[in-house]
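A.B. asks: Before I ask anything, here is the structure I am working with.
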Amino acid sequence: MANRLANETSPYLLQHAHNPVDWYPWGDEAFARARAEDKPLFLSIGYSACHWCHVMERESFENEELAAILNEKFVAVKVDREERPDVDSIYMEAVQMMTGHGGWPMSMFLTPAGAPFYAGTYFPPDDRHGMPGFRRVLEHVSEAYRSRREDVEAASAEVVRSLSTVKFQGGGALEHDALDRAATRIAQGYDPAHGGFGGAPKFPPSMSLDFLMQVAWRNGDKRLDEIITHTLTKMARGGMYDQVGGGFHRYSTDAHWLVPHFEKMLYDNALLARLYTRAWQYTKDPFFARVVSEILGFVQREMTSPDGGFYATQDADSEGVEGKFYVWSRAEVMTLLGEEEGRIFCALYDITERGNWEGENILNVPRDPESVAADLGITIDQLADVAARGKCKLYGARSQRVWPARDEKILASWNGWMLVAFAEAAIAFDKDPYRDVVRRNADFLLTRIDANGRLMRTPRIAGLLEDYSGVAWGLALAYEATHERRYLDASRQLADQILDRFADAQNGGFFDTPTDHEALITRPKDLFDNATPSGNSIAADVLLRLALLFGEERYAEAATKTIAAITPVAERYPSGFGLLLGVAEWRAGQPKEIVITGDVDDAVFRALRRVVGESYLPHRVLVAGNSSSDLPLMQNRPADRAMAFICEAYACAEPTADPERLRVLLQIAKA
């Protein structure tokens, strides 16, 4: 028999629709029942690719006995954190405050008013390894709620007061000297052996590396160059990277990027594709270009809907076993590739009889391909040919396996971030197929905006700050990639909504929820760039872009206030503000304003645009195309021929139609 979750659209909620637990989705109905029956709520938050969420479901939520206790003594509410990051952020802060740690599945007990009074993450069904069992927790919490109500009310009121306290208040601007100190502080955690920062587990530090790249470009810091290139190379050669199908898994469980947590998230791959694109512009290393091509190829093949939207995640498990889809035995590989090519392929990708993980092999490249080729007595080109053919054959064989489940939610914010990745790749590599993806996704996202300029996160859930800022960011870059003005105008429309409906007028920055959002126990305001970028950081980026493109100083003022609001804590904890620090680099410098006139199909126009794309210019806007003639940067420019114009710090270089001269001009000064 199905519970109320059967009417939901989230794959994660639908996975629980046939539990014996009488689940409610988040909403008024659950809280009304809790008030009417004077019962506490049990709030469970997770997501479809979460391994331990599935474990707790199998062990506890499918257990008839435990479900009966839950149904009798609590009102049970299930939330998909990817659908409702506003709810998740409030209660994640609460669980961290109450227990000292957090994670998913999140298990939270609330009063009928929504105030948390007991918290945890995964609970085993019975006491195990020093952890209290879920059965005992349910009995304990129920008893406390019945017999010690005053204590419960006092504790929950204190948590709500702490959640509602303003955490950060403005403290000035992040200028270059402060940004240099932040970069130095991040670099102190560098692992010179394996790349990345700290020990196990290791998450891909996309935003911090992008910030370090900007600082290294500005001040010529070779130490930062080494940190960036070594980390990017190690990550992409590791097992955390899917060597066969492209794309990164969520994180590495060890310090050397070998054994991943096998789920694949759209947002990770968006941030990493963008990072490797920018790293290619910075270094011109063809390996980084190949990684971009493979990530975006994976997204096009496996994560794109027929209408151009991008799906959310792929699970870690298939057939109930984590990683089963991705691992190989040596015998399998030798059978597929034959004796000679199999031997070469196994030498490159660390495939042995013994295996490198639980008797199986996770493909990775622990040695430089040049040294592998030398040991095998073949050229590097021969090795590359064998690797390419072998990966193709393994991908075909793997496709016959049982695939991991895919969460086909299409979230506006995550789509905006991936749209940025495709747009920046289209500009950098001058690839029309990427531009086609950009147009399809941008057109899809435009259907999520109604006649009043309101954006939907999903077809049923109203947009949050991360949606408005993420889609505005994507559409602004889609304009630069395609020169189609409608995308830029839609980006501006969303930015105006951000200023009107999300701004924190008192403290600067923006709330996660709009003024007309449902009332929660506090109005969340997430400022950290954690696994995903903060809506505040991206809003500041978009506003700075639009300020230049439209000549609107109010956008720059709002972005500056946002940066100032976060400055004190960003200086202390720079690793938690990678994207925001990169935006502060933009604000502290002098971005390049680049205009290309003429017909977009003209050979000279394309050659000039290609030079701009190939150049590492982390702080720039690009205006081009006939639809842009009314933009301030296009004023008084000749529209009848292809010419490039560069302005910076209120001064302009001489215009040129020569691509090589443009290349020189772009590198003369660094913003």
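The values are calculated or read from the model by the stated rules, or taken from the named source; none is laboratory data. None of the values given here were measured: they were computed from a predicted structure. For neighbour counting, all protein chains shown are included, and Cβ atoms are generated from backbone atoms with ideal geometry for every residue, glycine included.
A.B. asks: Six or more apart or on different chains, Cβ under 7 Å: which pairs go from a residue in the range 642-653 that's under 14 Å from Leu666 (Cβ atoms) to one that's assigned to a loop (DSSP other than H, G, I, E, B) and aliphatic (A, V, I, L, M)? Could you list them?
C.D. replies: Within 7 Å, the pairs are Ile646/Ala653; Glu648/Ala669; Glu648/Ala671.
A.B. asks: Looking at this structure, is Asp268 in contact with a helix residue (DSSP H, G or I) (Cβ under 7 Å, 6 or more places away or on another chain), acidic (Asp, Glu), surrounded by 18 or more Cβ atoms within 10 Å (Cβ to Cβ) and within 25 Å of Gly416 (Cα to Cα)?
C.D. replies: It is false that Asp268 is in contact with a helix residue (DSSP H, G or I) (Cβ under 7 Å, 6 or more places away or on another chain), acidic (Asp, Glu), surrounded by 18 or more Cβ atoms within 10 Å (Cβ to Cβ) and within 25 Å of Gly416 (Cα to Cα).
A.B. asks: Right, something else. With the requirement that a residue be hydrophobic (A, V, I, L, M, F, W, C), part of a helix (DSSP H, G or I) and within 20 Å of the chain's Cα centre (by Cα), what does the range 499-550 give you?
C.D. replies: Passing the criteria: Ile538, Ala539, Ala540, Val542, Leu543.
One line per residue, one yes/no per condition, for (1) surrounded by fewer than 17 Cβ atoms within 10 Å (Cβ to Cβ); (2) assigned to a strand (DSSP E or B); (3) in the same structural domain as Glu57 (by TED's automatic domain parsing):
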position: Met108; (1), (2), (3): no, yes, yes
position: Pro112; (1), (2), (3): no, no, yes
position: Phe123; (1), (2), (3): no, no, yes
position: Val137; (1), (2), (3): no, no, yes
position: His140; (1), (2), (3): yes, no, yes
position: Ala144; (1), (2), (3): no, no, yes
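A.B. asks: Here's something else I'd like to know. Considering only the range 523-541, how many residues are surrounded by fewer than 20 Cβ atoms within 10 Å (Cβ to Cβ) and farther than 15 Å from Leu464 by Cβ?
C.D. replies: Of the residues in that region, 2 qualify.
A.B. asks: Residues being touching a Pro at 6+ places or on another chain (Cβ under 6 Å) and modelled with pLDDT of 95 or more: count how many of those fall in the range 312-332.
C.D. replies: 2
A.B. asks: Can you pull out every residue in the range 111-144 that is out of contact with any Pro (no Cβ under 6 Å at 6 or more places or on another chain) and small (Gly, Ala, Ser)?
C.D. replies: Ala113, Gly114, Ala115, Ala119, Gly120, Gly130, Ser142, Ala144
A.B. asks: Kindly list the number of the only condition in (1) within 30 Å of Ala412 (Cβ to Cβ); (2) free of Cβ contacts under 8 Å to residues at least 12 places away in the same chain that fails for Glu72.
C.D. replies: The one condition Glu72 does not meet is (1).
A.B. asks: To continue, here is another question. Could you list, in sequence order, the residues of the range 80-110 that are more than 15 Å from Tyr122 (Cα to Cα) and in contact with a Ser or Thr (Cβ under 7 Å, 6 or more places away or on another chain)?
C.D. replies: Once the filter is applied, which keeps residues that are more than 15 Å from Tyr122 (Cα to Cα) and in contact with a Ser or Thr (Cβ under 7 Å, 6 or more places away or on another chain), the range 80-110 yields Asp80, Glu83, Asp86, Ile90, Met97.
A.B. asks: Out of all the residues in the range 148-170, is one or more charged (D, E, K, R) and within 19 Å of Trp23 (Cα to Cα)?
C.D. replies: Within the range 148-170 (the criterion being charged (D, E, K, R) and within 19 Å of Trp23 (Cα to Cα)), the answer is no, since none of the residues qualifies.
A.B. asks: Turning to a different aspect of this structure: If Gly509 satisfies every condition in (1) crowded, with 23+ Cβ neighbours inside 10 Å; (2) at pLDDT 95 or above but one, which is the exception?
C.D. replies: For Gly509, the failing item is (2).
A.B. asks: May I ask you to list the residues in the range 184-225 that are in a loop (DSSP other than H, G, I, E, B) and touching a Phe, Trp or Tyr at 6+ places or on another chain (Cβ under 8 Å)?
C.D. replies: Scanning the range 184-225 gives Gly189, Asp191, His194, Gly195, Gly196, Pro201, Phe203, Pro204, Pro205.
A.B. asks: Within the set of pairs 6 or more residues apart or between chains, which connect a residue that is closer than 21 Å to Trp280 by Cα inside the range 293-310 to a residue that is polar (S, T, N, Q) with Cβ atoms less than 8 Å apart?
C.D. replies: Here the result reads Ile295/Asn269; Phe298/Asn269; Val299/Asn269, each pair linking the range 293-310 to a residue that is polar (S, T, N, Q).
A.B. asks: Next up: Would you pick out the residues in the range 394-417 that are of a type in the set (Val, Ile, Thr) and either within 30 Å of Ala462 (Cα to Cα) or part of a helix (DSSP H, G or I) (or both)?
C.D. replies: Result: Ile410, single match.
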